[in-house]
Amino acid sequence: MPFTGVRSSFLVVVAALGVLAGAQSASAQVSDDLGVIGQLQYQDANGVKVFVEGVDLSIDDVGGATTDKDGSFRIEVEGPGEYTINIDVATLPTGISLRDPERSSLQVTVSENGDQRIIFPLVSSESGAVANAASSASEGNWSVRRVSQLTLEGIKLGLYLAMAAIGLSLIFGTTGLVNFAHAELITWGTLMAYFFNIYGLVGFLGFMSGWPAPFGEGVNFIVATVLSMVMGGVLGYVLNRVVFRTARNSGVSLLAQMVMTIGLSIFLRYVYLYFFGGRYRSYGQYASQRANSFLGMELTTRDATAMLVSVVVLVAVGVGLTRTRMGRAMRAVSDNKDLAESSGIDVEKVISQVWIFGGALAALAGTFFGFDQVKWDLGTRILLLIFAAVTLGGLGTAFGALVGALIVGIAINWSTLVIDSELKNMTALVVLIFALLLRPQGILGKKQRIG
Amino acid sequence: MDWGFIIERTFSAMIGPEVMIYALAAVGLNVHFGYTGLMNFGQVGFMAAGAYGVGVTVFWLNWSFWIGLVFVFVYAAVLALLLGIPTLRLRADYLGLVTIAASETIRLLARSRVMKPVTGGVEGIDKFAEPFYNLSPFELGKFYSFGPFKYLGRDVWVLMVGWTLLILVTLMVQQLMRSPWGRTLRAIREDEDAARALGKNAYFFKMQSLMLGGMIGALAGLIQVIQKSSVQADTFNPVITFTIWTILIIGGPGRVWSPIIGSSIYWSLIVFVENTLRQLPAGARDTLRDTVELSDFNIGMLRFMLVGGGLLLLARFRPQGIFGSREEMALDRR
Amino acid sequence: MTAVESASGALDTPIITATGVVKTFGGLRAVDVDKVEIRRNKITALIGPNGAGKTTFFNLLTGFDQVDSGTITLDGNDITGTPPHRLAEKGMVRTFQLTKALAKLSTIENMKLGALDQLGEKFWAALIPGAWAKQEREIEARADAILKRFNLTHMRDEFAGTMSGGQRKLLEMARALMTDPRVVMLDEPMAGVNPALAQSLLELIKMLPAEGRTVIFVEHNMDVVQEISDWVIVMAEGRIIAEGTPAEIKSNKAVVDAYLGAHHGEDLSKVQLS
């Protein structure tokens, strides 16, 4: 099994507890003022308790809170009952993670007696040396080790983004349409991989859940990933065939089609929420792995494998676009639709192929993005990054999307050297705006497209 | 089922605060999209600019609420410049990309811990609107009846000010669109190159339009946070932008009164559907929950599915609005 | 209509010059013009086979596209890189090959849009009808006069979208005249216009020089070119291969070959005028 985790000794797992928020709130509670409380903390390498500030927690459809400098939080609820509380692990400081990554959502029962306390046990993966270097001087921030680690993370993000972005860029190239629903194709991939992995081929239909594998029981994650790509291609094909091809044929303007993609995006996103719920979930396999260390950088076997797969897929896409008849047709249509049509290329067929491949690639990207958390709005959260990537690279160009995605991925991770990691995605907006100001056609784009 | 209750809720929703706030934001979007053809996919960002215009002034600077009102428009204008300068010379969809990205970034920035001293972070800002409520001629905590409707005094005051502003702004837009300025905007919407060939600085007019519509959106954001008495970053969710789009397309883009009509139709429909589902007999509800997972939470989600599906179908089949004429469509296609 | 006096220069100086103008698209030289002068208050035709670069050259002259190198002047002033709306203010107006009548504006609104320096186009003034109402009435009177001349009065309050293709061509030219231009640039004014309408369009174009307007037009139909132009410029493969009076051009072997493709592959700029 290529994904099996390797224990590495430098990784010090330290105990962590959520401790009482303090008597001051508990005793003062009256029954009409109920909440869920807690305090996030971990022990550092020297055994010192550290409270974790700025972590977001939320209860579906109720509200959220961010931990303060004492690591404390409180989310008010309307009344007694069962609640699901989620911790946004993305807001945890670098190097801090849940002891059990699958327990990012916890059930809690609030009684009418007062606030209910809840514990999210945290661990620090920092080795003593790193923790000391980081705390001793700010130059530790800029250490070779940190920069190379961020670069590695950036390349990882960039590779996933590239797979997500190529479809968006090619759909734009061949049809002139900016597909705002592309984020939902990504989420679709995540959710499909999750369902196949957990429930099997048809298990999520409920009444078939008792069937044997692979129908009613979860299938191996690698199989689930392949199936997810197939489903991504299917959704891409169906969306083009049912929604956009008919719109093109009825002469719906491109701007109206763009509004249609927005409507589609929202519709799909809330269909996901409706059936999947707002909870954060994890795949049944590879959800948590210890990192391996090499050249001072840390990477889990899972992520290394996913990156390798991404590289292979992207190279295959590149070869396919330049060497195969179908790929050349795609590029020809992107380049000049009328010319391609007059030279005998079936443009509608090419568009259909682009949607299928774009959907499958987005699904694969979504599957990999889902390693952190499987959630209903995963795609929407990275849509900004994808837009920045395709604009920077040049809308309509597949290779531009690749270049743009790598730059955006690395830029975002490097930005945490100077800004709060919570704000790192803002870097994408800055990249987007500067790209439009300085080179609106993108790095590999042509000028005629933009006016 | 209590039909009387459902109908009363539906009718009071037709003039309620949501209708007024969303209509006002839609008036701004109408200036952008309906009259100028600007694809602003981040109107909620302008609403946030308006909300934080007053919120930040009171919370961070400790200045008066009334000075904050100036910042409502300053922030909106600065945001319009920031979004417009890189995009308005380019094809229409680039504005869409940048506005949707910026509106979400504004929300993330406002809720971040770095900005907490300025924006109040996730908890947001409250207790800033007292100066507004102090002017109320109605007793804030008392109920006032208007025919079948009963409102708290504070709501009556907000509704009165809000609707007055909405009508005034709508009349202002009407006047502008009848002027040569509005004529130029409509020309740019149809064919920017034609307008440029006739000596119109299209970039400049589009920027003016973006600023005006953005400021109107900011005003809507201001009224929203006054009505809620709190500024919360997470209320400025991107889906609001597209609710406003749905409202505008229901009413018909490029018509003066369409934001109000669209907003009334949208909100009464939503309130009707949600209340009807919530009032279903127990047996029917259980059946729906077991078969299609229609839980209380999911009833709330239906609204957004309706927005998305509605926007998709409207843009596909009736981009001129449900009252728009086929003739107008035909003009588009020739 | 009042004739516009040129700001400088005698009647025999060129109104527009283009020197060393080059424009490439992806390695292809779409336009490569050494020197061309447009004569004042004359009708100049720009002809050439498809893909000769006529429309691109037009776009360069009117600021809709930017030159890679070279200089363009209007009345001796450098206008290279000036945006289209500034050129319109300087008295240079154009129409488009694919008509840009604004379908959802009425005919009279289309016309009024053409007027320059409107007070009501300023945002704050727009809010106060009194500030621009008088000027608007004057503009409207001028628009009505031109509509009458173009025989479009009956369409005055109809949406331009309801017009026939030929009527749209007429409207676009009429609207261009609302800017009171010194130079009128018409991109294929006759394309898609029925013969009856074409004749009146020709008459209208012929009247323009007498009003002190210079006309440059792109045309495929040689009969039209012969009938109305004072001077003909022939382009092929981005270059100017010949210039002359209509009669000279008609008998020019290089031109005939350019259309028929006899010199295919040869450097056409080296073919001398007979």
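The values are calculated or read from the model by the stated rules, or taken from the named source; none is laboratory data. Bear in mind the structure is a predicted one, so any value in this text is a computation, not a measurement. Quick reminder, even Gly has a Cβ in these numbers, built from the backbone with ideal geometry, and neighbours come from all protein chains shown. In case anyone asks, the SASA skips ligands and DNA or RNA and just uses the protein heavy atoms, side chains included. Shrake-Rupley method; radii C 1.70, N 1.55, O 1.52, S 1.80 Å.
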Most fluctuating residue given options B:97, B:159, B:83, as computed from a GNM of chain B linking Cα atoms under 10 Å: B:97
Provide the net charge surrounding residue B:48, with neighbours chosen by a C-beta distance below 15 Å and charges set as Lys +1, Arg +1, Asp -1, Glu -1. +1
If you take the square roots of the eigenvalues of the alpha-carbon gyration tensor of region B:1-150 and sort them as a ≥ b ≥ c, do you get rounded (a/c under 1.5), prolate (a/b over b/c) or oblate? oblate
Averaged per residue, what accessible area in Å² does region C:104-162 show with a 1.4 Å probe, protein chains only? 49 Å²
Where in region A:234-260 does accessible area fall by at least 50 Å² between the isolated chain and the complete protein assembly, at a 1.4 Å probe radius? A:255, A:258, A:259, A:260
Ordered by number, the residues of region C:49-98 that have at least 10 Å² less accessible area in the complete protein assembly than on their own chain alone (1.4 Å probe) are C:64, C:84, C:85, C:88, C:89, C:93, C:94, C:96
Rounded to the nearest 500, the 222 nm mean residue ellipticity computed for chain B from DSSP H runs (n ≥ 4, each -39500 (n - 2.57)) alone is -23500 deg cm²/dmol
May I ask what percent, to the nearest 5, of DSSP beta bridges between residues of the protein assembly as shown are antiparallel? 75 percent
Mean Cβ count within 10 Å, highest first, over the residues of peptides B:193-199, C:214-220: B:193-199, C:214-220
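Please report, as a whole percent, how much of the solvent-accessible surface of the protein assembly as shown comes from carbon and sulfur atoms (probe radius 1.4 Å). Kindly include the intermediate steps, with their values, before the conclusion.
Numbers: 25590 of 42940 Å².
Within the protein assembly as shown, the accessible surface is 60 percent carbon and sulfur.
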Quick one: putting +1 on the C-beta of Lys and Arg, -1 on the C-beta of Asp and Glu, what dipole do you get for region C:104-162 around its Cα centre, in Debye to the nearest 20? 100 debye
Give me Rg over Rh for region A:251-405, both radii from the alpha carbons and Rh done the Kirkwood way, two decimal places. 1.02
Average partner coverage of A:312-321, which counts Cβ from other chains inside 10 Å: 0
Distance between Cα centroids, region B:64-135 to region B:137-212: provide it in whole Å. 19 Å
Average accessible area per residue (Å²) across chain B - probe 1.4 Å, nucleic acids and ligands excluded: 37 Å²
Pairwise burial B:C, computed as accessible area of each alone minus the pair, summed, 1.4 Å, Å²: 3000 Å²
With a cap of 14 neighbouring Cβ atoms within 10 Å, and only residues DSSP puts in a loop, list the GluC sites (Glu not before Pro) found in region C:22-116. none
Just the Cα atoms of region B:188-293: what Rg and Dmax do they give in Å? 20.3, 68
Cα to Cα, under 24 Å, and not fewer than 8 places away if on the same chain: which lysines meet these conditions relative to residue C:148? C:100, C:104, C:112, C:134, C:169, C:206
For chain C, percent of DSSP beta bridges that are antiparallel (nearest 5) comes out at 60 percent
I'd like to know how the protein assembly as shown sits against the 2.2 N^0.38 Å rule of thumb: what's its Cα Rg over that expected value? 1.05
What is chain B's relative contact order, in percent, from Cα pairs under 8 angstrom and six or more apart in sequence? 31 percent
Hey, could you pull the Cα Rg and Dmax for region C:104-162, both in Å? 12.2, 36
If you take the alpha carbon radius of gyration of region A:325-395 and divide it by 2.2 N^0.38 Å, what ratio comes out, to two decimals? 1.39
At a cut-off of 30 Å², which residues of region B:187-215 become less accessible once all protein chains are present than in their chain alone, using a 1.4 Å probe? B:187, B:190, B:191, B:193, B:194, B:196, B:197, B:198, B:199, B:200, B:201
Under the Debye formula (equal points on every Cα, no solvent term), log10 I(q)/I(0) of chain B at q = 0.07, 0.08, 0.15 Å⁻¹: -0.30, -0.40, -1.31
Rounded to the nearest 100 Å², the accessible area hidden between B and A, summed over both chains at a 1.4 Å probe radius, is 4600 Å²
Classify chain C: rounded, prolate or oblate, from the alpha-carbon gyration tensor (a ≥ b ≥ c, eigenvalue square roots; a/c under 1.5 rounded; otherwise prolate if a/b is larger than b/c)? prolate
Give, in whole angstrom and from largest to smallest, the semi-axes √(5λ) of the equivalent ellipsoid of region B:215-275, with λ running over the eigenvalues of the Cα gyration tensor. 21, 16, 11
